[in-house]
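Comments concern the structure below.
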Amino acid sequence: QVQLVESGGGLVQAGGSTRLSCAASGSIFSDSAMGWYRQAPGKQREMVAIITSGSSTNYADSVKGRFTISRDNANKTVYLQINSLKPEETAVYYCHMVLPPRVYWGQGTQVTVSS
């Protein structure tokens, strides 16, 4: 059974930075695509960044140049470095794993950006 546990986030000032981590259990981490999504109050969940098993990355246009996704297969962890945060990016950030045919989600971690 795969479990994803996010950490990091919290209260950050506008323009500040933080790093989110997602630790995965199980032995199939290196074969999986990983991603970060976020859901702001009253809005739909949206993709933020994805990293494939081969470490190719893709970002939402709104975060390009400010967010960086990376993975450490040895420690089964995926990271999201977030810079230049904006108040409208206040959201719950979720870790996501795709290992077909299964998809897994973490419980989410709150990032609150104060203006």
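The values are calculated or read from the model by the stated rules, or taken from the named source; none is laboratory data. It should be emphasised that the depicted structure is a prediction, and the values quoted were computed from it without experimental measurement. Because the Cβ atoms are built from the backbone with ideal geometry, glycine has one as well, and the counts that use them run over all protein chains shown. Heavy atoms of the whole protein, side chains included, go into the accessibility calculation; ligands, DNA and RNA do not. Shrake-Rupley method; radii C 1.70, N 1.55, O 1.52, S 1.80 Å.
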query: From the list V78, V113, V63, V48, which residue is more than 20 Å from L4 (Cα to Cα), in contact with a Lys or Arg (Cβ under 8 Å, 6 or more places away or on another chain) and open to solvent by less than 40 Å² (accessible area, probe 1.4 Å)?
result: V113
task: Could you tell me whether any residue of the stretch 48-57 is polar (S, T, N, Q) and touching a Ser or Thr at 6+ places or on another chain (Cβ under 7 Å)?
output: yes
message: Taking the condition of being over 15 Å from N83 (Cα atoms) and either open to solvent by 20 Å² or more (accessible area, probe 1.4 Å) or part of a strand (DSSP E or B) (or both), how many residues in the stretch 3-35 meet it?
response: 17
- request: State which residue pairs qualify: first residue of a type outside the set (K, R) and inside the stretch 36-55, second residue open to solvent by 40 Å² or more (accessible area, probe 1.4 Å) and not in a strand (DSSP E or B) in any location, beta carbons under 6 Å apart, and separation of 6 or more residues or different chains.
  value: Y37/R45; Q39/R45; S53/D31
task: Being within 17 Å of K86 (Cβ to Cβ), in contact with a strand residue (DSSP E or B) (Cβ under 6 Å, 6 or more places away or on another chain) and open to solvent by 70 Å² or more (accessible area, probe 1.4 Å) is the filter here, so list the residues in the stretch 36-45 that pass it.
output: none
